[in-house]
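Asks: The following block contains the structure, expressed as structure tokens.
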Amino acid sequence: DALLVKPPSKKVKKGERIMIRDIDKIVKGHGEDHMKKNTFGKPTAKANANTCLRILSRPKAGDEARDLLCLSFQNGDNCDLWFKALSRLVQTSKLWSHRLQKG
């Protein structure tokens, strides 16, 4: 019923829990966390847009969806694989939540 996300740094002991029911959709491309602000000019991203994913929250009434998590991958194939898997998980959670096994 949740995704546990932990940075690869050994200094961070605990991970962050993201509830699956809070996820609205998975989108390919850059999110706000991918962008780096420049002193002069527009923000840019280090990673290529076709190797990045955004996990968006379910918006509440009157609010907009926000980024729960921004992911970057080493290549487009890994990004596509994770996109398909996470999209299927979110779809199953929305439509057939009883099919997700608890425990």
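Rule-based calculations on the coordinates, nothing more; no lab input. Keep in mind the model is a prediction, meaning the values are calculated, not measured. Here the Cβ is made from the backbone with ideal geometry for all residues, glycine too, and neighbour counts use every protein chain on show.
Asks: Once you've got the Cα coordinates, tell me which of Lys10/Lys60; Lys11/Lys94; Lys28/Lys60; Lys6/Lys84 are over 27 Å apart.
Replies: In this structure, Lys10/Lys60; Lys11/Lys94 lie more than 27 Å apart at Cα.
Asks: How much length, in nm to one decimal, is gained on full extension between Arg17 and Arg99, taken as 0.36 nm per residue of separation minus their Cα-Cα distance?
Replies: Difference between extended and current length: 27.4 nm.
Asks: Give the peptides 92-98, 78-84, 60-66, 22-28 in descending order of average Cβ contacts within 10 Å, highest first.
Replies: Taking the mean over residues of other Cβ atoms within 10 Å, the ranking is 22-28, 78-84, 92-98, 60-66.
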